[in-house]
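Handing you this structure, nothing more for now.
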Ligand code: NI
């Protein structure tokens, strides 16, 4: 796993993969890496990179989108997450955009997209821009599948939640995400991840309810 020690390692890896990472993207990765490094949570940076990768994957199939705006929205989407930072009005995101001479109009569009992506700040409001829709999909994809399961229990552990409370989160939120994707590509990507969630829940139920190898239940687990 990338440990943040060498920014160019990521750039090289991504270029090989054909992501065509440009300078501003590279700068943004460096910026959020430093931003999250000071945070006890520590998962923010990894999550941000995964969302960025998902977003660029979706962007490939959305020719109308502004790829630079997608990349910056993805990389900055949690830069002012209120669970992690005490900032207002996208202060961290705006500081980066200003420092890198992004025109104000473009910066406003990116910040509006960032605001529309956040689940906590914006329950169920549809992003107004295609770039916002793509990054919202990318963020939601990272909440389901194997990585979604890992994140749910990591978060639960950190916050002293019971197994049952973490499981409830699957029913309250995660299992609903598949039907809330904006783009066709994300809908397809979500199908596999959703099936994996269901398979996991079924297996967990079988194991915790004392299921037998032949599928019968004794109700008396050893
Ligand atoms: Ni996020």
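Among (1) within 16 Å of the ligand (Cβ to nearest atom); (2) modelled with pLDDT under 90, there is one condition residue 71 misses while meeting the rest; what is its number?
Unmet condition: (2).
In this structure, is residue 134 away from the ligand (no atom under 12 Å from the Cβ), in a helix (DSSP H, G or I) and within 12 Å of the chain's Cα centre (by Cα)?
So residue 134 fits the description; yes.
Look at residue 175 and say whether it is on the phi < 0 side of the Ramachandran plot, out of contact with any strand residue (DSSP E or B) (no Cβ under 6 Å at 6 or more places or on another chain) and either without any contact (Cβ under 8 Å) to a residue 40 or more places away in the chain or assigned to a helix (DSSP H, G or I) (or both).
Yes; evaluated as a whole, the condition is true for this residue.
A follow-up question, please. If we keep just the residues of region 31-52 that are surrounded by fewer than 16 Cβ atoms within 10 Å (Cβ to Cβ) and assigned to a helix (DSSP H, G or I), which is modelled with the highest pLDDT?
34
Quick check on residue 151: is it within 16 Å of the ligand (Cβ to nearest atom), assigned to a helix (DSSP H, G or I), out of contact with any helix residue (DSSP H, G or I) (no Cβ under 6 Å at 6 or more places or on another chain) and at pLDDT below 95?
It is true that residue 151 is within 16 Å of the ligand (Cβ to nearest atom), assigned to a helix (DSSP H, G or I), out of contact with any helix residue (DSSP H, G or I) (no Cβ under 6 Å at 6 or more places or on another chain) and at pLDDT below 95.
Which ones in region 54-87 are outside any loop (DSSP other than H, G, I, E, B) and free of Cβ contacts under 8 Å to residues at least 60 places away in the same chain?
Across region 54-87, the qualifying residues are 56, 67, 68, 71, 72, 75, 76.
I'd like the residue in region 137-147 that is more than 12 Å from the ligand (Cβ to nearest atom) and under 15 Å from residue 186 (Cα atoms) and, out of all such residues, is surrounded by the fewest Cβ atoms within 10 Å (Cβ to Cβ).
So, considering only residues that are more than 12 Å from the ligand (Cβ to nearest atom) and under 15 Å from residue 186 (Cα atoms), the one surrounded by the fewest Cβ atoms within 10 Å (Cβ to Cβ) is 145.
Residue-wise test of (1) at pLDDT below 90; (2) away from the ligand (no atom under 16 Å from the Cβ); (3) crowded, with 17+ Cβ neighbours inside 10 Å.
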residue: 85; (1), (2), (3): yes, no, yes
residue: 88; (1), (2), (3): no, yes, no
residue: 91; (1), (2), (3): no, yes, no
residue: 94; (1), (2), (3): no, yes, yes
residue: 100; (1), (2), (3): no, yes, no
residue: 103; (1), (2), (3): no, yes, no
residue: 110; (1), (2), (3): no, no, yes
residue: 114; (1), (2), (3): no, no, yes
residue: 119; (1), (2), (3): yes, no, no
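The values are calculated or read from the model by the stated rules, or taken from the named source; none is laboratory data. Values in this document were obtained by computation on a predicted structure and should not be read as measured data. Note that each Cβ is placed from the backbone with ideal geometry, even for glycine, and that neighbours are counted across all protein chains shown.
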